[in-house]
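Everything on this sheet refers to the single structure shown next.
The numbers here are math on the coordinates, done by the rules we state, and not lab data. The model shown is predicted, which means the values in this text are computed figures rather than measured ones. Ideal geometry is used to build each Cβ from the backbone, glycine not excepted, and the neighbour counts take in all protein chains shown.
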């Protein structure tokens, strides 16, 4: 008799492996560029804000912890704030302004020009994430998105977008956290192991890969 549970495990693992391989092969340069931009944000004394819903909220908290505490190397704490954790703020905003504003209000309160917003939405259509990206754009934050296939409505609001080419939420989320880990590790690399890469841009308005 076929063991359905084992078959399910193996099929999920194979689908995830194929998707992961395709994503990182196609997005490696983009991922490195985002990490470089985040490293510049931090090197200039600014911070990273993160937002997302459900499992993506958990990923935001996970990644903020990696920046603030440490990832793989011992180094100074780096400023990152998950906008998903303060229940008093979240419930107050929902009560007074509606759920679409729970992240945007925090971006408006905490964000300053030069900061970055890392926004996660597997569909790319979460209204509160879109509102946060729009608020970040208005404040001249660097906007980075992690989404699923095509990027949804997030795409035009993101300076940088990592769109996993799939519509299956669990697989997208698995790649999001792997990409997030790489962003943490590469930011550490640029900030503490290969700072010469940042030097040409520090103190200048021109950013890596901006048009000349």
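Observations on the model:
- Residues listed by number, region 1-43, amide nitrogen under 19 Å from residue 168 label point at 7 Å toward C-beta: 3-26
- Here region 41-97 and region 1-34 have alpha carbon centers that stand 26 Å from each other.
- Per-residue [θ]222 nm for the chain (sum of -39500 (n - 2.57) over DSSP H runs n ≥ 4, rounded to 500): -16500 deg cm²/dmol
- Three-way shape label, region 64-144, alpha-carbon gyration tensor, a/c 1.5: prolate
- From most to least packed by mean Cβ count within 10 Å, the peptides 52-62, 84-94 give 52-62, 84-94.
- Sorted peptide list for 27-33, 153-159, criterion being average Cβ within 10 angstrom, highest first: 153-159, 27-33
- Cα gyration tensor, region 82-187 - rounded (a/c under 1.5), prolate or oblate: prolate
- Distance between the modelled labels on residue 11 and residue 195, one decimal in nanometres: 5.2 nm (7 Å Cα→Cβ projection).
- Global form of the chain, assessed from the alpha-carbon gyration tensor, a/c cut-off 1.5: oblate
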